[in-house]
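Here is the structure we will look at, set down as structure tokens.
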Amino acid sequence: MGVTEKLNELEAELARTQKNKATEFHIGILNAKIAKLKRELISPSKSGGAKGGGFDVRKTGDSTVVFIGLPSVGKSTLLNKLTGSKSEVASYAFTTLTCIPGMLDYKGAKIQLLDLPGIIIGASEGKGRGREVLAVARSADLILLMLDVFQPDAYEAIMRELANMGIRVNQHRPDVVVTKKLKGGVNVTSTIHMTKIDKRMIAGVLGEYGIHNADVVLREDITPEQFIDIVVGNRKYIDAVTILNKIDLVTPEYIKTLKFEFVPVSAEKDKNIEDLKEAIYQKLDLIRIYTKPRMGEADLTEPLMIRRRSTVRDMCERLSPDLLENFKFAIVWGKSAKFDGQKLGLDHMLMDGDIVHIARKMSTDITSEELDQANSERIKKSVAASKTNKLGVKKKANHY
Ligand SMILES: Nc1nc2c(ncn2[C@@H]2O[C@H](COP(=O)(O)OP(=O)(O)OP(=O)(O)O)[C@@H](O)[C@H]2O)c(=O)[nH]1
Ligand SMILES: [Mg+2]
């Protein structure tokens with residue numbers, strides 16, 4: 001039996017099973033089995049499948065945002081409106097056949113927008129170029145889930161396709177850690193009272209993945225589905241903005257009858273486009289980081305804009321892959337540091353307005369001895385300047 005047949009069988013069994021206290025465990029295990037098979041579909045172990053023939057897109061800018069929607073909802077029209085690109089627009093379905101990039105400059109941020117072919121139901125199973133389209137979505141910072149004003153129900157269908165590809169929309173990664181061991185069975189510790197999952201379910205789900213010895217630490221009251229997501233491990237947690245396009249064709253009364261959250265626009269008639277730009281910018285939640293060379297002043301005019309909760313590692317990845325390879329340590333001045341000029345590692349989380357110097361291995365970069373000197377008046381001056389720089393980045397008092 002192939003993966004798809006097995007999957008269909010399990011899904012049919014799940015649909016047949018009544019949901020109640022007595023069947024909870026059985027349902028949890030069925031979901032774990034289904035998730036395991038779907039993982040094989042997302043990244044098949046054998047050749048073929050999702051790899052090969054993908055779109056050749058190079059990520060540029062401060063963040064990457066993708067358009068996902070059924071054909072003809074107006075994705076290309078909107079890309080052109082937001083970025084001045086020239087992606088082909090036509091009234092027939094599947095006008096766009098590949099990935100077309102554009103750049104939106106907004107409030108100092110360079111936001112890369114990627115127009116993609118429309119997806120149809122069954123996209124995650126490979127219908128149309130669905131798998132390739134959804135693979136681009138998996139690598140995005142934000143998804144623009146675009147709907148036609150006359151097909152608002154497509155929302156659910158698209159969410160299902162995204163979920164099938166391991167994309168969790170507008171959810172955060174649950175605060176759960178599973179550490180495999182060699183013996184000792186499954187040991188569960190939780191810092192809060194668990195109401196939706198118990199030890200038996202946790203051990204059962206782990207067992208489906210061949211894990212019989214592990215320490216599990218839960219810091220959140222999660223559902224069995226969220227636990228499965230952690231064990232499967234290839235989930236992408238991506239935010240989305242839902243856009244309802246072609247509002248020029250309906251009355252405001254009609255729009256009020258729709259009971260979910262969206263940004264109403266008309267790409268063609270230029271309605272509400274500025275509000276949409278702001279919604280995208282807000283959802284991306286960008287912070288400004290200033291880089292500082294070894295001896296010189298921090299560059300306070302051109303900040304690096306990265307997403308909130310980014311680490312020094314994310315920053316290095318953005319600047320150049322070579323930085324990560326040769327990374328020695330970071331020196332951080334600003335809100336995220338315990339004291340100005342703190343020496344920190346790749347996993348340190350940065351905050352808005354931080355000034356960062358990245359020291360590399362085998363280079364003439366800053367040394368620990370030079371750190372004291374670097375912490376002198378010159379740095380203090382640039383920190384002071386950052387409090388009142390043109391971009392209005394406010395800086396709290398130093399934590400000495
Ligand atoms: N009335 C109206 N028509 C629109 C609007 N936006 C797009 N259209 C029309 O909708 C049709 C499809 O637009 P496209 O931008 O090609 O749609 P798409 O989502 O890129 O389509 P595919 O590339 O095929 O997936 C075109 O005829 C557009 O002129 C709008 O805001 N109002
Ligand atoms: Mg198009």
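The residue that is nearest to D215 (Cα to Cα), counting only those in segment 130-178 that are in a loop (DSSP other than H, G, I, E, B) and within 16 Å of ligand 1 (Cβ to nearest atom), is P152. Would you check if there is a residue in segment 267-281 being at positive phi, in the same structural domain as D340 (by TED's automatic domain parsing) and touching a strand residue (DSSP E or B) at 6+ places or on another chain (Cβ under 8 Å)? No: segment 267-281 contains no residue that is at positive phi, in the same structural domain as D340 (by TED's automatic domain parsing) and touching a strand residue (DSSP E or B) at 6+ places or on another chain (Cβ under 8 Å).
Between G84, G108, the distinction of being closer than 24 Å to S63 by Cβ, over 23 Å from the mean Cα position of the chain (by Cα) and more than 12 Å from ligand 1 (Cβ to nearest atom) belongs to G84 only.
The set of residues in segment 218-238 that are within 12 Å of V176 (Cβ to Cβ) and among the aromatic types (F, W, Y) contains only F227. The numbered conditions (1) acidic (D, E); (2) over 20 Å from M159 (Cα atoms); (3) not in a helix (DSSP H, G or I) are all true for E261 except (2). Does G204 fit the bill of being part of a loop (DSSP other than H, G, I, E, B) and among the small types (G, A, S)? Answer is no for this residue. Need pairs with beta-carbon distance below 7 Å; first residue in contact (Cβ under 8 Å) with a residue 60 or more places away in the chain and within segment 83-105, second among the polar types (S, T, N, Q); sequence gap 6+ or separate chains. Hits for this filter: L104/T83. For segment 276-299, the criterion of being outside any loop (DSSP other than H, G, I, E, B) and loosely packed, with under 15 Cβ neighbours inside 10 Å is satisfied by at least one residue. Among the conditions (1) surrounded by 14 or more Cβ atoms within 10 Å (Cβ to Cβ); (2) without any contact (Cβ under 8 Å) to a residue 60 or more places away in the chain; (3) touching a helix residue (DSSP H, G or I) at 6+ places or on another chain (Cβ under 8 Å); (4) of a type outside the set (S, T, Y), G345 misses just one, which is (1). The lone criterion from (1) among the hydrophobic types (A, V, I, L, M, F, W, C); (2) near ligand 1 (Cβ under 10 Å from one of its atoms); (3) in a loop (DSSP other than H, G, I, E, B) left unmet by I121 is number (2). In this structure, S76 does not qualify as within 14 Å of ligand 1 (Cβ to nearest atom), surrounded by fewer than 17 Cβ atoms within 10 Å (Cβ to Cβ) and of a type in the set (G, A, S). Would you confirm whether any residue within segment 138-146 is surrounded by fewer than 17 Cβ atoms within 10 Å (Cβ to Cβ) and under 29 Å from P252 (Cβ atoms)? Scanning segment 138-146 turns up no residue that is surrounded by fewer than 17 Cβ atoms within 10 Å (Cβ to Cβ) and under 29 Å from P252 (Cβ atoms).
Put simply, of K127, K183, K196 the only residue that is part of a loop (DSSP other than H, G, I, E, B), over 30 Å from M305 (Cα atoms), assigned by TED's automatic domain parsing to the domain that holds K259 and away from ligand 2 (no atom under 16 Å from the Cβ) is K127.
Quick one: would you say F55 is aromatic (F, W, Y), more than 20 Å from I247 (Cβ to Cβ), within 16 Å of ligand 2 (Cβ to nearest atom) and in the same structural domain as L244 (by TED's automatic domain parsing)? Spelling it out, it is not the case that F55 is aromatic (F, W, Y), more than 20 Å from I247 (Cβ to Cβ), within 16 Å of ligand 2 (Cβ to nearest atom) and in the same structural domain as L244 (by TED's automatic domain parsing). Annotation note: Cβ proximity below 7 Å between a residue of segment 214-226 that is in a helix (DSSP H, G or I) and a residue that is not charged (D, E, K, R) (sequence gap 6+ or interchain) occurs for P224/G28; P224/N31; P224/I197; P224/M201; P224/V205; E225/N31; Q226/P174.
The values are calculated or read from the model by the stated rules, or taken from the named source; none is laboratory data. The structure presented is a predicted model; accordingly, all values stated were derived computationally and were not measured. All Cβ positions, glycine included, derive from the backbone under ideal geometry; neighbour counts span all protein chains shown.
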